[in-house]
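The values are calculated or read from the model by the stated rules, or taken from the named source; none is laboratory data. Everything quoted here is computed from the prediction, not taken from an experiment. When we count neighbours, we look across all protein chains shown, and the Cβ atoms used for this are built from the backbone with ideal geometry, even at glycine.
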Amino acid sequence: MREKSKSVLWTVFACYVLVLVLLLFGRTQHAGHPYNLLPLKTIRDYFAVLGRDDPVGISLRPYALINFVGNLLAFLPLGLFFPLLFSRQRSFGCFLLTVTAAICLIEVLQFASRRGALDIDDLLLNLPGAVLGWLCWKVAGIRKQKSKDENI
């Protein structure tokens, strides 16, 4: 990758990380230490809210939808940035291990700082989002390579 495009990529990555940190830790502190260690509990709650037709359910729909989709999409760029910036992240196993560790670290830091909740469902939603980003990187790389091969 050319030096200038690598610099631009690092700058965009730094901006993404800054926005992610603000989204994940920019909230006010919680009085207690909220946590959920039951897989799919929060996800089921989101779907329960989305299925309700009463005024309370309708008023909570945007919150549930934003949280569900936001957790999926928030880490999608990581799946693109990591393999572009770090050659070891081009191995799916290494990428999966790194992203899983990063998400777990974020959850623990949110819990410890009381700037969010430790929720196993965040891992279950963030991880597929990151994997989707990695797959997009992989497919784009395959297409790029095929078009190079066809031009030879």
Does any residue in the stretch 2-20 that is farther than 14 Å from LEU80 by Cα come within less than 9 Å, Cβ to Cβ, of a residue that is among the aromatic types (Phe, Trp, Tyr) and at pLDDT 95 or above six or more places away or on a different chain, and which pairs are these?
-> LEU20/PHE75
Scanning the stretch 52-88 residue by residue, the ones that are surrounded by 15 or more Cβ atoms within 10 Å (Cβ to Cβ) and under 15 Å from LEU132 (Cβ atoms) total 13
Matching residues, the stretch 1-53, being closer than 19 Å to VAL108 by Cα, in a loop (DSSP other than H, G, I, E, B) and either at pLDDT below 95 or more than 18 Å from the chain's Cα centre (by Cα) (or both) = GLY26, ARG27, THR28, GLN29, HIS30, ALA31, GLY32, HIS33, PRO34, LEU37, LEU38
Can you tell me which residue in the stretch 89-113 is farthest from the chain's Cα centre (by Cα), limited to those that are of a type in the set (A, V, I, L, M, F, W, C) and buried (at least 19 other Cβ atoms within 10 Å of the Cβ)?
-> PHE95
Evaluate the following for LEU73: is it modelled with pLDDT of 95 or more and among the hydrophobic types (A, V, I, L, M, F, W, C)?
-> yes
Residues of the stretch 128-152 satisfying the condition of being at pLDDT 95 or above, out of contact with any Gly (no Cβ under 9 Å at 6 or more places or on another chain) and of a type in the set (A, V, I, L, M) = VAL139
